[in-house]
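Novice: Structure provided below as structure tokens; questions to follow.
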Amino acid sequence: MSDPMTPAEWRAALKAEGVPFTELSGWTSRGRDQATGKIFGPVHGSLNHHTAGSDSLQSIAYQGQSAAVPAPLAHAYLPKTGVLVLVADGRANHAGLAARNSWDAIVAEKPIPKPSKASGTVDGNDGLYGIETENRGDGKDTYTREQYDTWVRYNAAICRHHGWTEGSVAGHLETSVEGKVDPAGPVEGYGRRGRFSFTMAQLRADVRERLAHSASWSPPTVEEAPPTMTPAYVNLGLVHSYRLAPGSWDDVEFTQEWTDEPGDHAANSAVFVQGAGRFTGTLSLRFEGLPEGDVVQVRQSEYEGATLKTNHPITEVIGTAGGTYGTVALVNRLGAGRSMRVRLLNQSAEEVEVASAVLKALVWQEG
Ligand SMILES: [Zn+2]
């Protein structure tokens, strides 16, 4: 049980919580207390709504919904800009009849059951703050990031002021015995979260997260994209052909370097890239003397220094009449301290000539 916030307490709570807000003229004395003879409070929770319209401040503050439901229709109005408007400090016409079972759960800060008219009803306007958040309610109109962020902060500000948990935060659809479905609709995003559908469970989770931090906290936002990196271009080959004996794995030792952007794969080197980094490329091979149907296997192998650490899958180049041509895809990520070699295994009984080996790769060095 708590007394409703005074104007000074509203301002202090919202300011501390980082809620951007303006004050509608006359808000500190606006309310239905006098007209109804029912004093607002004690307060037990924050009831959340969507407007099912746009630009609703005039009707919320002045015009009301109908002769039977006069203004003010909420304590606060939250438009798409995310800049909250304080509308009323007294009793407001937003909640209508609340199911007793839902009301009791909000008071006790327990999970809110489906509202049951049979459990009895309470005038929700007696003790619930009301916020109307601008949204057409057609399932397509989207709450902006700014709007949702303010929405979480607003609810957290109320809870923090009163010492409540997120269990005091409810949605109209959770209390109404008149079939209200608000609030609902898609949300542009919040913190690191992209587009999602509004649910009261999510709003409460976000309020709970805020309350676990100090009031000045802000949710971490989308991480900045890493700077775009232009990959280095590696283009290696052989100055001279060489003979590949049958039966054992043998490094391709590149002896020709057309570009040297990475700068650390020396000529006469089997290492064509060193980690940490990512690369994609192709190795084009030409063999002479590989009998038709015989096979030379090709694979990438990772080393740490001279120690073989990881073998990558094998590609087979199959001998054809005349010279044999093969292309091998090179795509991998290489950890720090690792280097990559290309190795060949001649499975023919014959010695084969490696007439050409051209490696072209784009390399994104990390770190
Ligand atoms: Zn509502």
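Novice: Is one or more of the residues making up segment 301-317 aromatic (Phe, Trp, Tyr), buried (at least 18 other Cβ atoms within 10 Å of the Cβ) and free of Cβ contacts under 8 Å to residues at least 60 places away in the same chain? Talk me through it step by step, then tell me what you get.
Specialist: At the first step, the residues of segment 301-317 found to be aromatic (Phe, Trp, Tyr) are 303.
Filter again for buried (at least 18 other Cβ atoms within 10 Å of the Cβ), leaving 303.
Narrowing the set further to residues that are free of Cβ contacts under 8 Å to residues at least 60 places away in the same chain leaves 303.
There is at least one residue in segment 301-317 that is aromatic (Phe, Trp, Tyr), buried (at least 18 other Cβ atoms within 10 Å of the Cβ) and free of Cβ contacts under 8 Å to residues at least 60 places away in the same chain.
Novice: Starting from segment 62-89, take each residue that is of a type in the set (Lys, Arg) and list its partners that are modelled with pLDDT of 95 or more, counting only C-beta distances under 6 angstrom and pairs at least six apart or across chains.
Specialist: Hits for this filter: LYS80/GLU134; LYS80/THR144; LYS80/GLN147.
Novice: Now for a separate question. Determine which member of the set VAL87, VAL122 is buried (at least 19 other Cβ atoms within 10 Å of the Cβ) and farther than 30 Å from ARG145 by Cα.
Specialist: Working: VAL87 fails: farther than 30 Å from ARG145 by Cα.
Exactly one of VAL87, VAL122 is buried (at least 19 other Cβ atoms within 10 Å of the Cβ) and farther than 30 Å from ARG145 by Cα, namely VAL122.
Novice: While we're on this one: Enumerate the pairs (first residue in segment 165-181 and more than 10 Å from VAL207 (Cβ to Cβ); second residue anywhere and away from the ligand (no atom under 11 Å from the Cβ) and part of a loop (DSSP other than H, G, I, E, B)) with beta-carbon separation below 7 Å, excluding pairs fewer than 6 apart on the same chain, so at least 6 apart or on different chains.
Specialist: Matching pairs, first to second residue: ALA170/ILE112; GLU174/ILE112; GLU174/PRO115; THR175/PRO115; SER176/PRO115; VAL177/PRO115.
Novice: Would you pick out the residues in segment 50-65 that are within 14 Å of the ligand (Cβ to nearest atom) and farther than 20 Å from LEU128 by Cβ?
Specialist: Passing the criteria: only GLY53.
Novice: Does GLY31 meet the test of being small (Gly, Ala, Ser) and in contact with a strand residue (DSSP E or B) (Cβ under 6 Å, 6 or more places away or on another chain)? I'd like the intermediate steps shown before the answer.
Specialist: Working: small (Gly, Ala, Ser): yes; in contact with a strand residue (DSSP E or B) (Cβ under 6 Å, 6 or more places away or on another chain): no.
No: the conditions fail for GLY31.
Novice: Among the numbered criteria (1) more than 16 Å from the ligand (Cβ to nearest atom); (2) modelled with pLDDT of 95 or more, which one does ALA74 miss?
Specialist: The single condition ALA74 does not satisfy is (1).
Novice: Here's another thing I want to ask about it. What residue, among those in segment 177-229 that are β-branched (Val, Ile, Thr), crowded, with 19+ Cβ neighbours inside 10 Å and away from the ligand (no atom under 16 Å from the Cβ), is nearest to GLY139 (Cα to Cα)?
Specialist: Looking at the filtered set, the residue picked out is VAL187.
Novice: Applying the selection to segment 45-68, what residues are assigned to a loop (DSSP other than H, G, I, E, B), within 35 Å of the chain's Cα centre (by Cα) and of a type outside the set (Val, Ile, Thr)?
Specialist: Result: ALA52, SER54, ASP55, SER56.
Novice: Next up: Does segment 69-79 hold any residues that are assigned to a loop (DSSP other than H, G, I, E, B) and crowded, with 24+ Cβ neighbours inside 10 Å, and which are they?
Specialist: Listed by number, the residues that qualify are PRO72, LEU73, ALA74, HIS75.
Novice: Right, next: Determine whether GLU188 is among the acidic types (Asp, Glu) and either assigned by TED's automatic domain parsing to the domain that holds VAL295 or in contact (Cβ under 8 Å) with a residue 60 or more places away in the chain (or both).
Specialist: So GLU188 does not fit the description; no.
Novice: Can you run down the residue pairs with Cβ atoms below 6 Å, 6 or more apart or on separate chains, where the first is in segment 99-124 and β-branched (Val, Ile, Thr) and the partner is in a loop (DSSP other than H, G, I, E, B)?
Specialist: The qualifying pairs are ILE106/HIS44; VAL107/HIS44; THR121/VAL177.
Novice: Mind checking whether some residue in segment 6-23 is over 25 Å from GLY167 (Cα atoms) and assigned by TED's automatic domain parsing to the domain that holds GLN147?
Specialist: Narrowing segment 6-23 to residues over 25 Å from GLY167 (Cα atoms): 22-23.
With the extra rule that they be assigned by TED's automatic domain parsing to the domain that holds GLN147, the set shrinks to 22-23.
Scanning segment 6-23, I find at least one residue that is over 25 Å from GLY167 (Cα atoms) and assigned by TED's automatic domain parsing to the domain that holds GLN147, so the answer is yes.
Novice: To continue, here is another question. Quick one: how many residues across segment 206-231 are at pLDDT 95 or above, among the aliphatic types (A, V, I, L, M) and farther than 23 Å from LYS80 by Cβ?
Specialist: Selection size over segment 206-231: 3.
Novice: Among (1) away from the ligand (no atom under 16 Å from the Cβ); (2) at pLDDT 95 or above; (3) surrounded by fewer than 24 Cβ atoms within 10 Å (Cβ to Cβ), there is one condition HIS44 misses while meeting the rest; what is its number?
Specialist: The single condition HIS44 does not satisfy is (3).
Novice: Name the single residue that is nearest to GLU9 (Cα to Cα) among those in segment 80-90 being more than 16 Å from the ligand (Cβ to nearest atom) and outside any strand (DSSP E or B).
Specialist: ASP89
Novice: Then there is this: When residues of segment 329-347 are filtered for being over 34 Å from the mean Cα position of the chain (by Cα) and surrounded by fewer than 20 Cβ atoms within 10 Å (Cβ to Cβ), how many remain?
Specialist: So the answer is 3.
Novice: Those residues that are surrounded by fewer than 17 Cβ atoms within 10 Å (Cβ to Cβ) and at negative phi, I need them from segment 22-32; list them, please.
Specialist: Residues satisfying the conditions are THR22, GLU23, SER25, SER29.
Novice: Take the conditions assigned by TED's automatic domain parsing to the domain that holds ASP182, modelled with pLDDT of 95 or more, over 16 Å from ILE131 (Cβ atoms) and of a type outside the set (S, T, N, Q) and apply them to LYS80. Does it pass? Full working, then the answer.
Specialist: Numbers: assigned by TED's automatic domain parsing to the domain that holds ASP182: yes; modelled with pLDDT of 95 or more: yes; over 16 Å from ILE131 (Cβ atoms): no; of a type outside the set (S, T, N, Q): yes.
Answer is no for this residue.
The values are calculated or read from the model by the stated rules, or taken from the named source; none is laboratory data. Nothing here was measured: the structure is a model prediction, and the numbers come from that model. Using ideal geometry, Cβ is built from the backbone for each residue, glycine included, and neighbour counts are taken over all protein chains shown.
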